[in-house]
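The values are calculated or read from the model by the stated rules, or taken from the named source; none is laboratory data. Bear in mind the structure is a predicted one, so any value in this text is a computation, not a measurement. Note that we place each Cβ from the backbone using ideal geometry, even for glycine, and neighbour counts take in every protein chain shown. In case anyone asks, the SASA skips ligands and DNA or RNA and just uses the protein heavy atoms, side chains included. Shrake-Rupley method; radii C 1.70, N 1.55, O 1.52, S 1.80 Å.
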Amino acid sequence: MQERFDRGMAEAIRAFVVRNRNSDGTYSLDPKIAPEALVSLIHEAVGDELSFYPEADQLVWDVARHMGFVIPACPVESRGDAKAFLAEYGVRNADQWYRRFGFDDGVMKNFYATSVLMARNTPFWRKLVPVPKLAATKASTFAPYLVDALDFCLGYETGADDDRLFRC
């Protein structure tokens, strides 16, 4: 299967980050490494397979637009396709959409303090990785979320393996 990204570089970045994992599971990356730089480096390796949304609430509508639905700036306006998009996933609102794809009660309780990584793997399945906004402010606290997303990009999971995965 033809790779859409530089697997060797992605694996090297992952190895670098994981080398800085402590025995308690936390990470100790150099404080001079900016989280944005780490995301940029990973993006160099995997390209469009990984996207970071600082505001999680925007993701659902970006996915809808990517799929060709007309979503106005205010998605609750009746003139858009928001209802049709949500119906395609068998949900009635954005809250249910996020829950459908892995946002649990704890994440939803703090939804507006959440960012999200969206990762796509080789078989074109997507996974959402919720990230507390505060965790995304330092490379060391952002690292476990980035490793999770990068592992998914490098993997071959499908919807049969995890019902929280989706295609778009």
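Miscellaneous remarks
- Shape class of region 48-168 from the alpha-carbon gyration tensor: oblate, with a/c at 1.5 or above and b/c at least as large as a/b.
- Placing pseudo-labels 7 Å out from each Cα toward the beta carbon at residue 66 and residue 138 gives an inter-label distance of 3.0 nm.
- Mean residue ellipticity at 222 nm, helices only, the chain: -12000 deg cm²/dmol; runs of at least 4 DSSP H residues each add -39,500 (n - 2.57), and the sum is divided by the number of residues.
- Packing rank of 63-73, 91-101, where each peptide gets the mean count of other beta carbons within 10 Å, highest leading: 91-101, 63-73
- Given R0 = 22 Å, the distance between the Cβ atoms of residue 6 and residue 160 translates into a calculated FRET efficiency of 0.20.
- Ellipsoid semi-axes in whole angstrom, largest first, where each is sqrt(5λ) of the Cα gyration tensor of region 40-98: 25, 12, 11
- Dipole magnitude of region 1-63, debye to nearest 20 (Cβ charges: Lys/Arg +1, Asp/Glu -1, about Cα centre): 380
- Cα centroid of region 114-168 to Cα centroid of region 49-104, whole Å: 17
- Measuring with a 1.4 angstrom probe and ignoring ligands and nucleic acids, residue 26 comes out at about 70 Å² accessible.
- Per-residue extension of 0.36 nm, minus the Cα-Cα distance of residue 40 and residue 23, leaves a gain of 3.4 nm for this segment.
- Amide H partners (placed H, <5 Å) of residue 71, local residues excluded: 81
- Of 22, 118, 59, farthest towards positive along the dipole that unit charges on Lys, Arg, Asp, Glu beta carbons give the chain: 59
- Full extension of the chain segment joining residue 124 with residue 88 gains 11.1 nm, where the gain is 0.36 nm per residue of separation less the Cα-Cα distance.
- Pair residue 108, residue 73: separation of 7 Å Cα→Cβ label points (nm): 3.0
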